[in-house]
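Peer 1: Shown below is the structure under consideration.
The values are calculated or read from the model by the stated rules, or taken from the named source; none is laboratory data. Nothing here was measured: the structure is a model prediction, and the numbers come from that model. Counting neighbours? That spans all protein chains shown, and the Cβs are built from the backbone with ideal geometry, glycine included. Keep in mind that these areas ignore ligands, DNA and RNA; they rest on the heavy atoms of the full protein, side chains included. Shrake-Rupley method; radii C 1.70, N 1.55, O 1.52, S 1.80 Å.
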Amino acid sequence: MNTGKLFVVGLGPGHHDQMTFRAKEVINQSDIVIGYDTYITLIEKLIEGKEIYRYPMTQEVERANQAIDFAEKGKTVSLVSSGDPGIYGMIGLIYEILAEKGWKNGEGLYLECVPGVSSLNSCAALVGSPLMTDFAVVSMSDLLVPWEIIVKRVEAAALGDYVTVIYNPASKKRVHQLIDTRDIFLKYRKPDTPVAIIKGAYRDSQAIVLTTLNNMLEHQDMLGMITTVIVGNSSSFLYDNIMINPRGYKSKYEIVKEVSSSS
């Protein structure tokens, strides 16, 4: 019986002090740790003495196949992914490959997806309470999804008045996407709609800007692959350097009440 184990581990939110207990536990159990170079660097102190494989960006297929191969040979492997591996992460590709190979869940290698804190959670926590009502998440990366499909998703989110979280807003080659996205939102939202730009959440490079839909493109130095942008909806507002999206209590309740103290 094959006793290999493959853990696909979420490292979010970005600092090992805040990783989940289970994430640290399975990494500690692993013989081999595989991941994108930046993610390996984040956990260097946790993986000293282990067999480590670092990969550059865009080699997800190679990473996934190597992790599966080691696990099929009986090794205990952690394939690390930023944020949560089920949100723009590695677990989907792992399942696709195993399905192609005829793997049966519960047979052969043991596979576990270890959830982490996604960028949408960690970034929201840093800037206030922007995700209190329904929201949408859209990636600007058109490497795997045609741009015309992404445009339709952005249009739907804007039309539906969703607070919208934008992953991968820009890169050296990805320039027009966020510009086009802002133009779509300006068809449905006021120019002063709050926007939060969060770069490197919970990492040493962390930087945060609160701005507006009209002015968001003025912060080009903040926009990149480790940046998340949160666009508010028609109810969102800024207060004292935080972004707030009302849950709706004010329409039903008197939200500020005097509290009587007992003697």
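Peer 1: With the dipole of the chain worked out from charges on the C-beta (+1 for Lys and Arg, -1 for Asp and Glu) around the Cα centre, which of 169, 4, 216 lies farthest toward the positive end?
Peer 2: 216
Peer 1: Here's a follow-up. Rounding to the nearest 20 debye, state how big the charge dipole of the range 98-211 is about its Cα centre with +1 on each Lys and Arg Cβ and -1 on each Asp and Glu Cβ.
Peer 2: 300
Peer 1: Normalised by the residues of the chain, what does the relative contact order come to in percent, with Cα pairs under 8 Å and at least six apart?
Peer 2: RCO, the chain: 19 percent.
Peer 1: For the chain, with all protein chains present and a 1.4 Å probe, just round the carbon and sulfur fraction of the accessible area to a whole percent.
Peer 2: On the way: 7350 of 14360 Å².
Summing carbon and sulfur atoms, their accessible area is 51 percent of the total for the chain.
Peer 1: Net charge near residue 68, counting Lys/Arg +1 and Asp/Glu -1 over other residues with Cβ under 12 Å of its Cβ?
Peer 2: Residues close to residue 68 contribute a combined charge of 0.
Peer 1: What whole-number value in Å² describes the accessible area per residue of the range 1-132 for a 1.4 Å probe?
Peer 2: Solvent-accessible surface per residue comes out at 48 Å².
Peer 1: Okay, moving on. Across the chain, what fraction of all alpha-carbon pairs, as a whole percent, falls in each successive 5 Å bin from zero upward?
Peer 2: Here the calculated profile for the chain is 1, 6, 12, 15, 15, 13, 11, 10, 7, 5, 3, 1, 1, 0, 0.
Peer 1: Going by average Cβ density within 10 Å per residue, which order do the peptides 114-121, 25-32, 173-180 take, highest to lowest?
Peer 2: Final packing ranking: 114-121, 25-32, 173-180.
Peer 1: Go ahead and estimate [θ] at 222 nm for the chain from helices alone: -39,500 (n - 2.57) per DSSP H run with n ≥ 4, summed, over the residue count, rounded to 500.
Peer 2: Value at 222 nm, helices only, nearest 500: -8000 deg cm²/dmol.
Peer 1: Taking Cα pairs under 8 Å and at least six residues apart, what relative contact order does the range 151-257 come out at, in percent?
Peer 2: On the way: 164 pairs, mean separation 32.7, N = 107.
31 percent.
Peer 1: Using the Kirkwood radius over Cα pairs, work out the Stokes-Einstein diffusion coefficient for the range 1-47 at 10 °C and 1.306 mPa s, in µm²/s as a whole number. Please list the in-between numbers first.
Peer 2: Details: Rh = 11.3 Å.
Roughly 140 µm²/s, to the nearest whole number.
Peer 1: At R0 = 51 Å, how high is the FRET efficiency between residue 180 and residue 259 if r is their beta carbon distance? Nearest 0.05 is fine.
Peer 2: On the way: r = 49 Å, r/R0 = 0.97.
According to the calculation, E is roughly 0.55.
Peer 1: Find which of 39, 249, 150 sits farthest along the positive direction of the dipole of the chain, computed with +1 on the beta-carbon of Lys and Arg, -1 on that of Asp and Glu, about the Cα centre.
Peer 2: Toward the positive end, the furthest listed residue is 249.
Peer 1: Now, a different point. In the range 54-99, if the dipole is taken from +1 on Lys/Arg beta carbons and -1 on Asp/Glu beta carbons about the Cα centre, which of 78, 59, 89 is farthest to the positive end?
Peer 2: 78
Peer 1: Of the beta bridges DSSP finds with both residues in the chain, what % are antiparallel, to the nearest 5?
Peer 2: Once the DSSP bridges in the chain are tallied, antiparallel ones form about 40 percent.
Peer 1: Considering Cα pairs under 8 angstrom that are at least six residues apart, work out the relative contact order of the range 13-160 and quote it in whole percent.
Peer 2: Contact order relative to length: 23 percent.
Peer 1: Additional query: Counting pairs of Cα atoms in the range 133-252, how many percent are more than 22 Å apart? Before the final figure, lay out each step's value.
Peer 2: Details: 2178 of 7140 pairs.
So the pairs more than 22 Å apart make up 31 percent of the total in the range 133-252.
Peer 1: How far apart, in nm, are two points set 7 Å out from the Cα along the Cα-to-Cβ line at residue 96 and at residue 225?
Peer 2: Spacing of the two 7 Å Cα→Cβ label points: 1.8 nm.
Peer 1: Please get the size of the charge dipole for the range 30-78, origin at its Cα centre, with Cβ charges of +1 on Lys and Arg and -1 on Asp and Glu, quoted in debye to the nearest 20. Write out the running numbers ahead of the final one.
Peer 2: Values: 6 positive and 9 negative charges, 17 e Å.
Dipole of the range 30-78, to the nearest 20 debye: 80 debye.
Peer 1: In addition: Using the crude model of +1 on Lys and Arg Cβ and -1 on Asp and Glu Cβ, and no other charge, please compute the dipole size for the range 160-263 relative to its Cα centre, in debye to 20.
Peer 2: 320
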